[in-house]
Amino acid sequence: MIYEIILYWSQETRAFIAEVPELTGCIADGKTYQEALQNVEIIMQEWIETAQELGREIPTPKNRSILT
């Protein structure tokens, strides 16, 4: 899957947070950034499978190449 993932530290929850802005509500956490990334990859797959089951549109990943 080629979606943008934003990873950051949350002082409030004392965990790393991984968000996928293009998939509304797709977010996961972890004790390390690697764990948060692994968790959000699972959630992304579940998000897409659920959208397919419900007949909802799945956003096309944005191409955000900064290289020209």
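The values are calculated or read from the model by the stated rules, or taken from the named source; none is laboratory data. What you see is a predicted model; the values in this text were computed from it and never measured. A quick note on method: Cβ atoms are made from the backbone with ideal geometry, for glycine too, and the neighbour counts reach across all protein chains shown.
Tabulated results
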| item | result |
| --- | --- |
| Breaking point among (1) surrounded by 12 or more Cβ atoms within 10 Å (Cβ to Cβ); (2) outside any strand (DSSP E or B), for residue 28 | (2) |
| For residue 47: the one exception among (1) under 9 Å from the mean Cα position of the chain (by Cα); (2) modelled with pLDDT of 95 or more; (3) outside any strand (DSSP E or B) | (1) |
| Hey, residue 58 hydrophobic (A, V, I, L, M, F, W, C) and in contact with a strand residue (DSSP E or B) (Cβ under 8 Å, 6 or more places away or on another chain) or not | no |
| Which listed residue is among the polar types (S, T, N, Q), out of contact with any Leu (no Cβ under 6 Å at 6 or more places or on another chain) and surrounded by 10 or more Cβ atoms within 10 Å (Cβ to Cβ), from 34, 11 | 34 |
| Selection within the stretch 1-39 - basic (Lys, Arg) and either within 23 Å of residue 63 (Cβ to Cβ) or in contact (Cβ under 8 Å) with a residue 12 or more places away in the chain (or both) | 31 |
| Residue count, the stretch 40-58 (criterion: touching a residue at least 40 places away in the same chain (Cβ under 8 Å) and either of a type outside the set (A, V, I, L, M, F, W, C) or within 17 Å of residue 10 (Cα to Cα) (or both)) | 2 |
